[in-house]
Amino acid sequence: MVKEVVSPTLWMCWALTSVVVAFAGPFGTFDSHTFLWRIAYWSVLIAAAIVIAIFFRTAWRLALKGKSETCEDIAVAVSLSVVFAPMIAALNWVVGGPDAYLVMDVWSGMGVVLGVAAGVIAFRRVVRDSAMSQPSAPARDRLLDRLSVEKTARVARVYSDNHHVRVIMADGSEHRLLMRLRDAVAEIDVEPGHWVHRSHWVSEAAISCVKQSDGRYVVELPCGNVIPIGPKYRPNLVEAGLLIA
């Protein structure tokens, strides 16, 4: 409950709603009161409604544990209307007298609160379902943030080129960066791959096979090129199952 109460998004919505309702001046408040009075009045009412709704949401979530979300929503909306509508009616009587009470008494207040609560619940579900239906952005290697590549681009291999590194992408495109190879590999934190030589890092997807050539082990790439496997890095490939010890 505390987490929901201190949510910045929630209170930004509160502030925006308070201003909009103050400008609109519903239930006779536009003609009878100034804008500053209306914004104070509706800010207090809406803030109270939010806190009470969060309280009921927490209470009913515990009481109806195991029940459907629809049951919880109905219980919250009904509880809020039963408790909050008399508060509105009493406040109207205090600040505006009998005439203000007649504009929105307890029963009409319950109808309004119930309708607004149902609308908010429906809106919240639409927003949540829409967010859940959106495909999440694919994870990217940090190294790709240095390059002008598509969001779905993947690193195939990286190798040193004097003080630069060459980054070869899965689609065959090539990029050159001024940085150390070790730093570049440290930023490849999504694509699985291996050091195969002190000057070469290769992704698993770019390894066609590991074989012997002229008495030494090499990694063969899809293009047919081969990269020698340094003795220091051979255990990495053995551990990955790409090379037999």
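Some observations on this one:
- PHE35, PHE56 arranged by Cβ crowding within 10 Å, fewest neighbours leading: PHE35, PHE56
- Per residue, the convex hull volume that the Cα atoms of the range 142-239 enclose (Å³): 100
- Exposure proxy ranking for PHE84, PHE123, based on other Cβ atoms within 10 angstrom of each Cβ and starting from the fewest, stands as PHE123, PHE84.
- Using R0 = 25 Å, the C-beta based FRET efficiency linking TRP14 and VAL82 works out to 0.70.
- Here the label points at PHE23 and THR58, each 7 Å from Cα along the C-beta direction, are separated by 3.3 nm in the simple model.
- What you get for the range 142-239, charging only the Cβ of Lys and Arg (+1) and of Asp and Glu (-1), is a dipole of about 300 debye around the Cα centre.
- Judged by the mean number of other Cβ atoms found within 10 Å, the most tightly packed of the peptides 183-195, 161-173 leads the ranking 183-195, 161-173.
- Inter-label distance, GLU204 to ALA47: 5.5 nm, where each label sits 7 Å from its Cα along the C-beta direction.
- Full-stretch length increase - ARG180, HIS164 - with 0.36 nm per residue and alpha-carbon distance subtracted: 5.1 nm
Each value in this text was obtained by applying a stated rule to the coordinates, not by laboratory testing. Keep in mind that this is a model prediction, so the values were computed, not measured. Note that each Cβ is placed from the backbone with ideal geometry, even for glycine, and that neighbours are counted across all protein chains shown.
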